[in-house]
Amino acid sequence: MAAQHIASAFDRDLEAVQAQIMKMGGMVENAIRQSAKSLETRDEELAEEVRSGDKAIDLLEHQINESAARVIALRAPTAIDLRLILSVIKISANLERIGDYAKNMAKRTGVLSTMPPVNDATGAIRRMAGTVEGMLKDALDAYIQRDAELAMDVIRRDEDVDQMYNALFREFLTFMMEDPRNITACMHLHFIAKNTERMGDHVTAIAEQVVYLVTGEHPDEARPKADKTSVMPQV
């Protein structure tokens with residue numbers, strides 16, 4: 001009876017932590033969407049909402065880590081259950097980093113709003129961010145549903161994000177060579193595009209964690225990486 005009570009208490013604790021993860025995931029999805037929208041529409045007020053909202057994401061990560069540590073200390077989970085708890089910590093860390101990248105995007109909105117637009121670069125970045133947002137939604141769904149196939153699909157889709165980034169990188173180089181007056185704006189836009197590409201990497205890391213959680217093994221497929229622009233210095 002005591003063992004059954006402990007098991008049910010662990011399940012309740014786990015459900016609570018997973019609810020926190022999904023809440024955090026929803027906040028991060030919104031941050032991605034709103035930061036990209038603020039960039040395209042030059043909405044500085046919306047960008048400020050993203051920047052200030054990052055504090056709540058950071059706080060939630062801290063609460064998740066505390067909850068996970070408390071479960072480990074009080075419930076003495078088995079090896080399988082421990083893997084589940086550790087996955088929560090890793091997923092929340094990746095979500096926090098994605099939130100940081102969204103905040104970084106929002107920080108550039110004010111600067112870019114004072115400069116002439118560079119073709120449809122902000123629209124292209126918004127579409128790229130939309131792809132990452134969709135990947136994140138599916139990665140979180142895969143986690144809740146324990147769906148390794150869906151997680152593997154997310155991992156494969158990261159290559160699409162890399163290809164979008166590569167195309168933007170080439171466009172920015174062209175714009176800067178054609179007109180030196182584009183250099184400052186293109187450097188800011190490149191920073192944002194690179195941050196968006198890194199969001200995709202962290203979503204992929206979440207999906208890989210789901211595969212490991214479900215199967216006990218890391219994904220067999222070599223993680224696709226199509227970013228060919230490492231030669232360009234970071235700004």
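The values are calculated or read from the model by the stated rules, or taken from the named source; none is laboratory data. It should be emphasised that the depicted structure is a prediction, and the values quoted were computed from it without experimental measurement. For neighbour counting, all protein chains shown are included, and Cβ atoms are generated from backbone atoms with ideal geometry for every residue, glycine included. When the accessible area is computed, the model is the full protein with side chains, heavy atoms only, and any ligands, DNA or RNA have been set aside. Shrake-Rupley method; radii C 1.70, N 1.55, O 1.52, S 1.80 Å.
No other residue among 60, 46, 95 is more than 16 Å from the chain's Cα centre (by Cα) and either of a type outside the set (S, T, N, Q) or at pLDDT below 95 (or both) apart from 46.
Please work out if residue 29 is more than 13 Å from residue 91 (Cα to Cα), open to solvent by 50 Å² or more (accessible area, probe 1.4 Å) and in contact (Cβ under 8 Å) with a residue 24 or more places away in the chain. No. In the set 167, 121, 76, 148, only one residue is at pLDDT below 95, over 18 Å from the mean Cα position of the chain (by Cα) and more than 23 Å from residue 45 (Cβ to Cβ); that residue is 76. Here is the figure for the stretch 148-158: residues that are surrounded by fewer than 18 Cβ atoms within 10 Å (Cβ to Cβ) and more than 21 Å from residue 128 (Cα to Cα) total 1.
For every residue, the table says whether it meets (1) in a helix (DSSP H, G or I); (2) within 17 Å of residue 144 (Cα to Cα); (3) charged (D, E, K, R).
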| position | (1), (2), (3) |
| --- | --- |
| 11 | yes, yes, yes |
| 14 | yes, yes, no |
| 19 | yes, yes, no |
| 33 | yes, no, yes |
| 57 | yes, no, no |
| 74 | yes, no, no |
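Here 64, 80, 57 are screened, and the one residue that is surrounded by 21 or more Cβ atoms within 10 Å (Cβ to Cβ) and either out of contact with any helix residue (DSSP H, G or I) (no Cβ under 6 Å at 6 or more places or on another chain) or over 20 Å from residue 208 (Cβ atoms) (or both) is 57. Among the residues of the stretch 98-118, the ones that are more than 19 Å from the chain's Cα centre (by Cα) and either acidic (Asp, Glu) or surrounded by fewer than 18 Cβ atoms within 10 Å (Cβ to Cβ) (or both) come to 7 in all.
Condition test on residue 52, is it of a type in the set (Ser, Thr, Tyr) and either buried (at least 20 other Cβ atoms within 10 Å of the Cβ) or under 23 Å from residue 126 (Cα atoms) (or both)? Answer is yes for this residue. Mind checking whether some residue in the stretch 9-16 is touching an Asp or Glu at 6+ places or on another chain (Cβ under 8 Å) and open to solvent by 30 Å² or more (accessible area, probe 1.4 Å)? No, that holds for no residue.
Need pairs with beta-carbon distance below 6 Å; first residue touching a residue at least 12 places away in the same chain (Cβ under 8 Å) and within the stretch 133-156, second open to solvent by 60 Å² or more (accessible area, probe 1.4 Å) and polar (S, T, N, Q); sequence gap 6+ or separate chains. Hits for this filter: 148/215.
For every residue, the table says whether it meets (1) open to solvent by 30 Å² or more (accessible area, probe 1.4 Å); (2) in a helix (DSSP H, G or I); (3) not hydrophobic (A, V, I, L, M, F, W, C).
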position: 181; (1), (2), (3): yes, yes, yes
position: 185; (1), (2), (3): no, yes, no
position: 189; (1), (2), (3): no, yes, no
position: 192; (1), (2), (3): no, yes, no
position: 198; (1), (2), (3): yes, yes, yes
position: 203; (1), (2), (3): no, yes, no
position: 209; (1), (2), (3): no, yes, yes
position: 212; (1), (2), (3): yes, yes, yes
position: 217; (1), (2), (3): yes, no, yes
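A Cβ distance below 8 Å, combined with a sequence gap of six or more or placement on separate chains, defines the contacts here; from the stretch 3-17, residues that are closer than 9 Å to residue 71 by Cβ reach residues that are modelled with pLDDT under 75 in the pairs 10/75; 10/77; 13/75. Condition test on residue 70, is it at positive phi, open to solvent by 80 Å² or more (accessible area, probe 1.4 Å) and more than 22 Å from the chain's Cα centre (by Cα)? Criteria not met by residue 70.
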